[in-house]
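Take a look at the structure below.
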Amino acid sequence: MSFVQVRPSSGGGSGSLAAERTPFYGARVPDEVKLMFKAMKGSDAATVKNILKFVSQSLEASSSTVDSSLSESFLSLSTPKSTEETNRIVYSGLALLVKLAIRHPNLKQENFKDDLAQIKIPAEVITDISSLVFGKRSQRIKDSLKEKMVRFPQLESLKWRVDVTISNSSLNRVLEPSVLMEMKLSNGNIKTFEVSASRFHELRYSVAFVLKEMEEMEKRNIIKRD
């Protein structure tokens, strides 16, 4: 699934629209990438290539095995124009671009290169990043990113029943309905909770409202699905 962003055509025709792809990094250039542009001005091609190697190694390995060696690596690449700090900034920008590209579904290599060229990434850097994203190591990076990803337990099943309290210690007759729910999560935990009828209707309304908003959003021309 890819998204298409509709923008006014630069051809000049009044009211004419041209459909353009949304870049793989999103509608806006990430701040880390903007900072990378400035930092790369003092870095030569060899330094950027070495930093990209560090990106590949760190994305493939666990963070604990990489953090201790990165500082020494950045320091070894330092020059009067390319300091340890600027190398870290370049590293952050490149790592973000690689992660966004690898996580993007059905990203084509030519579109990836075009997106990078549009934001003025040097051609030699585009070639190096592309070989990493679409090369042999991409699957290992993708598997490593999945392992590092923070996941919340998923809902496996939901049971519910309606209870009516006929009486309690303070009142002889109540007859107030409540909804008792039991959720089973993917990690094996079972959560049981009770809500009043009014709270249940609030929940039902909120879910229905969100579903309706999602349906309306999908109908807009600003976002389309291929």
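The values are calculated or read from the model by the stated rules, or taken from the named source; none is laboratory data. Just so you know, these numbers come straight off a predicted model, no measurement behind them. So basically every Cβ, Gly included, is an ideal-geometry build from the backbone, and we count neighbours across all protein chains shown.
Note on segment 187-219: residues that are closer than 27 Å to residue 163 by Cβ and not aliphatic (A, V, I, L, M) amount to 16.
Rundown of residues vs (1) of a type in the set (Asp, Glu); (2) within 27 Å of the chain's Cα centre (by Cα), yes/no style:
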{"residue": "91", "(1), (2)": "no, yes"}
{"residue": "116", "(1), (2)": "no, yes"}
{"residue": "119", "(1), (2)": "no, yes"}
{"residue": "145", "(1), (2)": "no, yes"}
{"residue": "148", "(1), (2)": "no, yes"}
{"residue": "156", "(1), (2)": "yes, yes"}
{"residue": "180", "(1), (2)": "no, no"}
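Residue pairs whose Cβ atoms lie under 7 Å apart, separated by 6 or more positions or on different chains, with the first residue in segment 92-104 and over 15 Å from residue 140 (Cα atoms) and outside the structural domain of residue 40 (by TED's automatic domain parsing) and the second surrounded by fewer than 19 Cβ atoms within 10 Å (Cβ to Cβ) and among the basic types (Lys, Arg), do not occur. Restricting 143, 115, 128, 163 to those that are loosely packed, with under 15 Cβ neighbours inside 10 Å and touching a residue at least 12 places away in the same chain (Cβ under 8 Å) reduces the list to 163. When 107, 96, 100 are checked against the criterion of being among the hydrophobic types (A, V, I, L, M, F, W, C) and in contact with an Asp or Glu (Cβ under 6 Å, 6 or more places away or on another chain), a single residue qualifies: 96.
Table: residues versus (1) modelled with pLDDT under 90; (2) on the phi < 0 side of the Ramachandran plot; (3) among the small types (Gly, Ala, Ser).
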| site | (1), (2), (3) |
| --- | --- |
| 175 | yes, no, no |
| 178 | yes, yes, yes |
| 181 | no, yes, no |
| 184 | no, yes, no |
| 197 | yes, yes, yes |
| 202 | no, yes, no |
| 212 | no, yes, no |
| 222 | yes, yes, no |
| 225 | yes, yes, no |
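Total residues in segment 17-72 satisfying the condition of being modelled with pLDDT under 85, in contact with a Gly (Cβ under 9 Å, 6 or more places away or on another chain) and exposed (fewer than 15 other Cβ atoms within 10 Å of the Cβ): the figure is 1.
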